[in-house]
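Working notes, beginning with the structure itself.
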């Protein structure tokens with residue numbers, strides 16, 4: 001089992017550019033989460049999918065952020081246009097559907113917006 | 001709403017010292033409780049969990065007991081190693097969704113040789 005795979009590992013971009021982060025969850029997992037981690041705000045949940053359907057996107061900061069899950073094996077988080085305050089580590093995590101099933105995290109994408 | 005509060009770090013210990021990281025949660029229902037660990041440059045990974053009152057989760061020498069009466073799930077280890085240096089997150093199941101977690105703010109542990 002390869003675990004949750006995120007790409008790229010690092011992304012450096014200029015303010016105003018579009019950024020797309022990618023995630024491949026563990027096969028058989030039907031829930032997927034996007035988190036953002038910063039020193040100031042800690043770990044924040046951005047959006048949560050269940051069976052490819054967005055369930056809770058209340059953590060998405062603003063309209064510049066969007067997430068999709070076109071199928072069970074792929075999800076994207078897009079920021080357009082990016083701003084320096086979006087600089088953070090973005091994590092994707094997946095889990096099986098039963099209550100209390102553990103979250104499996106990817107190694108994250110470190111985004112730097114200059 | 002749901003919340004988890006854990007002690008602020010960093011916690012700095014010498015090797016072989018005893019570790020306690022405190023964690024308390026809001027007492028709505030009887031949620032499953034978790035400790036996750038994050039090593040540098042990696043995502044969080046599950047360390048241990050407990051699903052009901054008085055359960056003790058344990059892994060890699062770490063333990064935590066689900067205390068309903070004090071709404072706590074403190075993490076302990078009898079003898080820490082340098083390799084335990086990491087950030088530790090306490091978490092509970094959110095009442096809004098069966099497999100969504102509410103995390104505490106994380107506690108950084110630094111173990112010196």
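Here, each number is a calculation from the coordinates, and none is a lab measurement. Just so we're clear, the structure is a prediction, and the values are computed from it rather than from any experiment. Using ideal geometry, Cβ is built from the backbone for each residue, glycine included, and neighbour counts are taken over all protein chains shown.
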Please compute the average number of Cβ atoms from other chains found within 10 Å of each residue's Cβ in peptide A:5-18. 0
P(r) weight above 18 Å for chain A, C-alpha pairs, percent: 45 percent
Could you state the orientation-averaged shadow area of the convex hull built on the Cα atoms of the protein assembly as shown, in nm² to one decimal? 12.3 nm²
Using all C-alpha to C-alpha distances in chain B, build P(r) with 10 Å bins and read off the rounded percent in each one. 16, 50, 28, 6, 0
Kindly state, to the nearest 0.05, the FRET efficiency for residue A:98 paired with residue A:17, given R0 = 35 Å and r defined as their beta-carbon distance. 0.30
Need the C-alpha centroid separation for the stretch B:1-26 versus the stretch A:95-109, integer Å. 22 Å
Peptide A:105-111, shielding by other chains (average Cβ, 10 Å cutoff): 3
Please give the FRET efficiency for residue B:55 paired with residue B:12, using the beta carbon to beta carbon distance and R0 = 41 Å, rounded to the nearest 0.05. 0.85
Let me know the mean shielding of A:79-86 by other chains, meaning the per-residue number of their Cβ atoms within 10 Å of its Cβ. 0
Considering just Cα atoms, how many Å³ per residue does the convex hull of the stretch B:6-54 enclose? 121 Å³
